[in-house]
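Engineer: Pasting a structure here, questions to come.
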Amino acid sequence: MQDMMNWMADNADWLWWSVGVVLLAGEMVIPGVYLLWIGLASLVTGVIAWLIPEWGFAGHGIVFALLATVSIYVGHRFVYRQGTAVVDSEVNVRGKSFVGKTYEVVEPIKNGRGHVRVGDSRWLASGPDLKKGALAKVIAVDGTVLVVEAANQ
């Protein structure tokens, strides 16, 4: 056991580099779990262990802990930064683009329900009773239903 501990102390730089490579490989297999930053910290700790072997394994462990903390913070702060994204609430709500436009009633609106022609398709419409062929102006969208009113002709 003592021989193994001595070998590890003598080859601390190679151990840190090996751990770093394994962590970087793990990041490739399971991306997005911060293994990149810990792996980089381990590689840098290996360089420090190679340059300053007299710090011992405990000193290198402290260096690794500090480097891992700093690299995760920097990585999270600058690489994974949550920018000020513009929220477009109208994306994937195609009907919102129809508000204010006028369409022909293709199925009479009776008791508040009917259909209007939008391009080459029919959309369910709700609003006041309107005859087939009348023009209806879209005033709102309720899910997939166009809320309409009689258009001024």
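Any read-out appearing in this document is the output of simple, stated calculations on the displayed coordinates, not a laboratory observation. None of these values were measured; they are calculated from a predicted model.
Engineer: Sticking to Cα atoms, compute the Rg of the chain to one decimal and its Dmax as the biggest Cα-Cα distance, whole number, in Å.
Structural biologist: Rg then Dmax for the chain, in Å: 32.9, 96.
Engineer: Can you compute the helix-only [θ] at 222 nm over the chain? Use -39500 (n - 2.57) per DSSP H run of at least 4 residues, normalise by all residues, nearest 500 deg cm²/dmol.
Structural biologist: So the calculated ellipticity at 222 nm is -13500 deg cm²/dmol.
Engineer: How high is the relative contact order of the stretch 1-78, in percent, counting Cα pairs under 8 Å that sit 6 or more residues apart?
Structural biologist: It comes to 31 percent, rounded to a whole number.
Engineer: Can you give the log10 of the normalised intensity I(q)/I(0) at q = 0.19 Å⁻¹, computed with Debye over equal Cα scatterers of the stretch 1-80?
Structural biologist: Cα-only, vacuum Debye calculation for the stretch 1-80: -0.77.
Engineer: Report relative contact order for the chain in percent, whole number only (criteria: Cα-Cα under 8 Å, sequence separation at least 6).
Structural biologist: 14
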